[in-house]
Each structure stands twice: as C-alpha cells, then as structure tokens.
Amino acid sequence: MSNDNMQFDLKIWKQEDGDSQGAFQEYHMEGVSEDMSFLEMLDLLNEKLIKNGDEPVEFDYDCREGICGACSLVVNGIAHGPKEETPVCELYMREFEDGQEIVIEPWRAAAFPVIKDLVVDRSAFDRIMAAGGYISTKTGSAPEANTIAVDKEDADKAFDYATCIGCGACVAACPNSSASLFTGAKISHLSLLPQGKHERKERAVRMVEQMEKEGFGDCSNHAECEAVCPVGISISAIARMRKEYMRAVTES
Amino acid sequence: MPSLVDAARSQVGRKILSGITGILLGIFIIFHLIGNLTLFGSEQAFNIYSHTLESMGIFLYLFEIGLVLVFLVHAYIGVAIWLRKRKRRPVGYEKYSSMGDPSKQTFSSRSMIFTGIILLIFTVTHVATFKYGDTQMITVDGTQMKDLKALVINTFQNPWYVIYYIVVMILLGFHLRHGAWSAFTSLTMKGGTKTSAVVYTVGTIFAVLMAVGFLFIPLYIYATGGTGALIAS
Ligand code: SF4
Ligand code: FES
C-alpha cells in the first residue's frame, strides 16, 4: 500500500519580482501521495491556493522527465533535493518523511537573479554558450555520417559531457557560485570531437571569459557540483576546461 | 588570445597559480620539518644545520625573498577569491547542506580562508620568535654559531607557546587536507572519480603527517622538560 496522505510543512521563498525583497512563507500540505513527484506536490499546493483565491507559487519546469534542465529548486539545502543524480522533477515524495518540514528556495547566485518566487533568470548560461559553445559548419544537406571517424572512447566521453542539461544546480550548490562544471562540460564535450577541435582555443578562452563576466565565482575544488549534478557530470570537466584554456594561452 | 598576464589573472589562471604556490609552500614545509627533526639528532646537529643555512649568505636572502613572494601571492589569491565569493551570492541560503560523496566539501574546504589567515599571522610570529629571537653564541668544532637549539627548547618550556603551536599545527593540517587535493586537482588537470579519491586520500595522509610532525616537537620538548631521550645533550 502506498501512503496517500502524507503531510508536510513547506517553507517556500516568495518574491514578487527582481526588485522586491522576498521572504519565506509557510504552507501546510495534506493529502500528498508518496508517488507524487516533487513538482506534482507543488501543483497540488497551487491548485489549493488558486481555489482559495491566493497567489500560487511560481516555479520553473518544462519536460518533467529530466531532459530539459528547467526545473531548479533547492530542497532542504540541496540543489535538486536529496536524491543523487536526480533532477527535482524526478524526485518523488517517498524520499521524504511524513510530517517533515521542507524548505524550498531558488538557485542563489548573483548571476541568476530571481524573476519571481522560485524562478531565476539563467540567461547567463545562454550567453556563455553564445560565446563559444558551438561549432561553425556549413548548413544545407547533411554530410555523410561516416566521413569523419570518431574513436569510440572519445565519442563516449564526449557524450557523457554532452548530457549536461544546463540546469545550473552546479552553480546553486557551489559555495562560490562558480559555473565551472557547466562551462567545463560544454568545453569538454566539443573539444573531444573532431568537429569541435578547430575552434577549441577560441572557444575555451571566450567561454571562460564570459563565465567571469557574468559574475560567476571562482572554483575552489569543493566538488559539490559533481555531487548535485542531476546527470552526474564529473569534475574532470573542470580539469579539461583548465587544460583547454592553458593550451589556448600557451600554444600560439 | 589573452596575454600570459591576463591568463594568470583569469579564473583558470588564478586557480593554477594558487596551486603552484601552494605546492611550493608544501615542499618548503616538508624540508622545514625534516630540518626541524635534526633537533633529535646529535647534540649540535640542529645548530650546525641552521648555521649552514645562515652561512649561505646571499643565496639564503634570495631564497627567503622568493619564499615571501610565493607566500604573498598564495595569500593574495586566497583572500581575493574569498572577497569575491561574497559578491557572487549576495542572498544566501536559509538552509544549505552538502550532498556528501563525491563532494569534497568539508570543514577543511570551507575554512581555508580562516586557517589561511591564522597561518599567515602565525608565520610572522614564528619568524619573530626564532629568526629574530635572542640567542647565545656557542663554539662548535671551532666555529662560532647561534645556539638556536637552546632558544627552541627554552621557548617550548612556556605552556602557552606550546598550546599556540599545537593549535596552529592542527589548523595547518586542515588547510593542507583540502589544499593538497585542490592543488593537485588544479594542476594535474585530472578529476576523474577514481583519481579524485586517490588524490584526496594521499592529500589527507600528507596533511596528517605534517601536522603531527610539527606539533610533536613542541609537545615533546614541553612534556620532557627539554631533556627527553630523543634530545641529545
Ligand atoms: S553540469 Fe550538471 S548541474 Fe551543471 S548545469 Fe549541467 S547538468 Fe546542471
Ligand atoms: S523539468 Fe525538465 S529536467 Fe526537470
């Protein structure tokens, strides 16, 4: 039998917009099924709030299946909540204890300003991508797929880094608000593939510079990012980013 | 492409510089500890060792200047990162916890600025006590030299000095635990999960060895009144 009547004391950050001061608001929730996802639990809360004519709690989501990177909640002090390699949209209420208090906060970083409640502006990531997270290529008819051979090992590694969904949990969890894991994953992904090698130097330098311009902090090798990353990007991405950057500035 | 100077000031460059200076300081303290252990050698081993260093003249000065520079660069980067970090998250979390393994976030990693500043202050007082402290001259095998050994032994008869040294050496251990891991991770540019676990363990062993090695000396001298079996006289 699954428990259909869990209760929770929610403490949720509410903030009108980027210019206002936010504060925590407390909500008591009843009738939560342990099979609900964390976001479904919040949907339930919002339905109740709307029915009562109260303001719902704003939070970000899209796919709800761990692929888009939109969901972004710090749950009881951990980005994406307590389950490893799991985004908060795939977190289930069975991970919590009945009657427990749950504190829900937005990603906190100067580079991710709050738009409303739990929704933050992550366009800083888009600008890091625009600075070099792409390859230049001819459009038009696709080339024959097997003309450029890629070692299986490199392809696998590149794929691992490519699984970064750009959620920003790494920044949220980092004591310094560093975006090194995200930027490192993007740089590593492309630098491992033949299509990405031509622009590797410019890419590394531009993306690292943009990361700093956006106001992300320094990496102190706390490795907290790897622990919260919903797809398990390893800090070897940061190591590769450093290597790519140093290669760019030392080789002419 | 950025110049090397710009690169050194970038986020990546700062981290690598912090790692290089950290490792240089780490190598320095290894030799410092080995040197200190001559206290437990023959009667005048420690004095002869320190006299040999002092008679290097200009080379010693150059070395000292280099060491001070390395120390200052390391401290400067650390303080700058810490100051910047506060601006990077103006509104903090109501509740924050570490996810645990594979995170390397510990008391060590979070207190680097605190342990670092204590070590900086300590180093100044330590140099004042032993480099510029009052010493008698003695003659060993026809050579005049400072009796530094006597200064060390006398200093550590004072329990407050001993406590001060022990506390700071424990903090040194914490600093080295995260520092060794962090420097190697920044410099070897590897960060795979297996490598990380090995590097972290080796770093922790190094940190413990250094802390215990350094704090053993004042503790032993105090506990035995400077006349322990390990100290020849
Ligand atoms: S590295 Fe992981 S935590 Fe960071 S943005 Fe990508 S998926 Fe999210
Ligand atoms: S909503 Fe798409 S990853 Fe969570």
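The values are calculated or read from the model by the stated rules, or taken from the named source; none is laboratory data. None of these values were measured; they are calculated from a predicted model. Here Cβ is always computed from backbone atoms with ideal geometry, including for glycine, and neighbour counts include all displayed protein chains.
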Would you confirm, using the coordinates I've provided, whether A:Asp17 is more than 16 Å from A:Met93 (Cβ to Cβ) and in the same structural domain as A:Thr86 (by TED's automatic domain parsing)?
yes
Being in contact with a helix residue (DSSP H, G or I) (Cβ under 7 Å, 6 or more places away or on another chain), closer than 21 Å to A:Glu226 by Cβ and more than 16 Å from ligand 2 (Cβ to nearest atom) is the requirement here; does A:Ile187 meet it?
yes
So how many residues does region A:87-96 have that are touching a Phe, Trp or Tyr at 6+ places or on another chain (Cβ under 9 Å) and either away from ligand 1 (no atom under 15 Å from the Cβ) or over 18 Å from A:Asp43 (Cα atoms) (or both)?
4
So B:Ala128 fits all but one of (1) more than 14 Å from every other protein chain (Cβ to nearest Cβ); (2) surrounded by 15 or more Cβ atoms within 10 Å (Cβ to Cβ); (3) of a type outside the set (S, T, N, Q); what number is the exception?
(2)
Quick check on region A:187-204. Is at least one of its residues within 10 Å of ligand 1 (Cβ to nearest atom) and either in contact with a Gly (Cβ under 8 Å, 6 or more places away or on another chain) or touching a residue at least 60 places away in the same chain (Cβ under 8 Å) (or both)?
no
Selection from region A:141-174 of residues under 16 Å from A:Ile187 (Cβ atoms), away from ligand 1 (no atom under 14 Å from the Cβ) and either touching a Gly at 6+ places or on another chain (Cβ under 6 Å) or more than 14 Å from chain B (Cβ to nearest Cβ) (or both) yields A:Asp154, A:Ala158
Has region A:212-227 got any residue that is buried (at least 24 other Cβ atoms within 10 Å of the Cβ), more than 7 Å from chain B (Cβ to nearest Cβ), more than 22 Å from B:Met112 (Cα to Cα) and within 14 Å of ligand 1 (Cβ to nearest atom)?
no
Restricting attention to region B:33-45, does a residue exist that is assigned to a loop (DSSP other than H, G, I, E, B) and either in contact with a Lys or Arg (Cβ under 9 Å, 6 or more places away or on another chain) or closer than 30 Å to A:Pro113 by Cβ (or both)?
yes
Against the conditions (1) more than 14 Å from chain A (Cβ to nearest Cβ); (2) in contact with a Phe, Trp or Tyr (Cβ under 9 Å, 6 or more places away or on another chain), where does B:Gly142 fall short? Just the number, please.
(2)
Would you be able to say whether some residue in region A:65-76 is more than 14 Å from chain B (Cβ to nearest Cβ) and either of a type in the set (D, E, K, R) or not in a loop (DSSP other than H, G, I, E, B) (or both)?
yes
In region B:94-112, which residue that is in contact (Cβ under 8 Å) with a residue 60 or more places away in the chain and part of a helix (DSSP H, G or I) is farthest from the other protein chains (Cβ to nearest Cβ)?
B:Phe107
Quick check on my filter: what residues within region A:38-75 are surrounded by fewer than 19 Cβ atoms within 10 Å (Cβ to Cβ) and of a type in the set (S, T, N, Q)?
A:Asn46, A:Asn52
Out of all the residues in region A:89-96, is one or more under 13 Å from the mean Cα position of the chain (by Cα) and within 16 Å of ligand 2 (Cβ to nearest atom)?
yes
Checked A:Phe112, A:Phe125 against criteria (aromatic (Phe, Trp, Tyr), within 16 Å of ligand 1 (Cβ to nearest atom) and assigned to a helix (DSSP H, G or I)); the one match is A:Phe125
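Residue-by-condition table, conditions (1) under 25 Å from the mean Cα position of the chain (by Cα); (2) surrounded by 16 or more Cβ atoms within 10 Å (Cβ to Cβ); (3) under 23 Å from B:Trp181 (Cα atoms):
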| site | (1), (2), (3) |
| --- | --- |
| B:Ser42 | no, no, no |
| B:Gly57 | yes, no, no |
| B:Leu62 | yes, no, no |
| B:Gly100 | no, no, yes |
| B:Gln105 | yes, yes, yes |
| B:Ser109 | yes, yes, yes |
| B:Ile121 | yes, no, no |
| B:Tyr132 | yes, no, no |
| B:Lys146 | yes, yes, no |
